[in-house]
1. Would you be able to tell me the number of residues in region A:1-47 that are open to solvent by 40 Å² or more (accessible area, probe 1.4 Å), in a helix (DSSP H, G or I) and within 13 Å of another protein chain (Cβ to nearest Cβ)?
2. Might you check whether a residue that is among the aliphatic types (A, V, I, L, M), part of a strand (DSSP E or B) and either buried (at least 18 other Cβ atoms within 10 Å of the Cβ) or in contact with a Leu (Cβ under 9 Å, 6 or more places away or on another chain) (or both) occurs anywhere in region A:84-91?
3. Identify all residues within region A:1-34 that are under 13 Å from the mean Cα position of the chain (by Cα), within 22 Å of residue B:2 (Cα to Cα) and aliphatic (A, V, I, L, M); write none if there are none.
4. When region A:77-97 is examined, which residues are found to be in contact with a helix residue (DSSP H, G or I) (Cβ under 9 Å, 6 or more places away or on another chain), small (Gly, Ala, Ser) and within 11 Å of chain B (Cβ to nearest Cβ)?
5. Of the numbered conditions (1) open to solvent by 70 Å² or more (accessible area, probe 1.4 Å); (2) part of a loop (DSSP other than H, G, I, E, B); (3) out of contact with any helix residue (DSSP H, G or I) (no Cβ under 6 Å at 6 or more places or on another chain); (4) not aromatic (Phe, Trp, Tyr), residue A:51 fails exactly one; give the number of that condition.
6. Here are some conditions: (1) within 12 Å of chain A (Cβ to nearest Cβ); (2) open to solvent by less than 20 Å² (accessible area, probe 1.4 Å); (3) of a type in the set (Phe, Trp, Tyr). Residue B:61 meets all but one. Which one does it not meet?
7. How many residues are open to solvent by less than 10 Å² (accessible area, probe 1.4 Å) and under 13 Å from the mean Cα position of the chain (by Cα) when one looks only at region A:68-78?
There are 2 protein chains.
Amino acid sequence: MVKLVALYKRPPDVAAFEKHYQEIHAPLAEKMPGLKKLEVSHFTGSPGGEPKFYMMAELYFDTKDAMLSALSSPEGKAAGKDVMSFAGDLIHMMFAEIS
Amino acid sequence: MVKLVALYKRPPDVAAFEKHYQEIHAPLAEKMPGLKKLEVSHFTGSPGGEPKFYMMAELYFDTKDAMLSALSSPEGKAAGKDVMSFAGDLIHMMFAEIS
């Protein structure tokens, strides 16, 4: 199984970010074909001090091909365009293979 | 549900890191009381270029209290001591609440 991991730095306006994420972005992401699970986590602290990130979204797919197909689908492009519009300077996305 | 998220930067010696992680560290981490799941992912790329991290370990617990108890248990302390010995300069750990 594979996943797309999106790490978000703390937004300047947390309330506006959360509203956009929950009402607009998450519904767009959930329309991506082949998506098996979307897990959203908020970081609450770090053993060593401050967490480097604010939030993480993990989008699970069966295979790397399925993940890449989803990203290049119309739904994936819409979700990608949306995320860049409200969090382009906050996000770091990575592809991951689960052991 | 909550999790401890450990992000690892790319180690200078990947083979030595993987051997230590798989043969010594993962078995120590899996002994932590209350651990529900350990999910290990390796980053294979990034849409924007290079992934900022090499690997991620996610340790799931039912509650924040269970996670903190596990970390302060003898098994948690042993796992923490071990990780600092071989990856102290690579790791960033964060506590997370799953939505």
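The values are calculated or read from the model by the stated rules, or taken from the named source; none is laboratory data. Worth saying up front: this structure is predicted, and the values here are computed from it rather than measured. Cβ sites come from the backbone with ideal geometry, for glycine too, and all protein chains shown count toward neighbours. Keep in mind that these areas ignore ligands, DNA and RNA; they rest on the heavy atoms of the full protein, side chains included. Shrake-Rupley method; radii C 1.70, N 1.55, O 1.52, S 1.80 Å.
1. 1
2. In the first step, residues of region A:84-91 are kept if they are among the aliphatic types (A, V, I, L, M); the result is A:84, A:87, A:90-91.
Now restrict to residues that are part of a strand (DSSP E or B): A:91.
From what's left, either buried (at least 18 other Cβ atoms within 10 Å of the Cβ) or in contact with a Leu (Cβ under 9 Å, 6 or more places away or on another chain) (or both): A:91.
Yes, because at least one residue in region A:84-91 is among the aliphatic types (A, V, I, L, M), part of a strand (DSSP E or B) and either buried (at least 18 other Cβ atoms within 10 Å of the Cβ) or in contact with a Leu (Cβ under 9 Å, 6 or more places away or on another chain) (or both).
3. Passing the criteria: A:4, A:5, A:6, A:7, A:26.
4. A:80 - this is the single residue of region A:77-97 that is in contact with a helix residue (DSSP H, G or I) (Cβ under 9 Å, 6 or more places away or on another chain), small (Gly, Ala, Ser) and within 11 Å of chain B (Cβ to nearest Cβ).
5. (1)
6. (1)
7. The number of residues fulfilling the criteria is 1.
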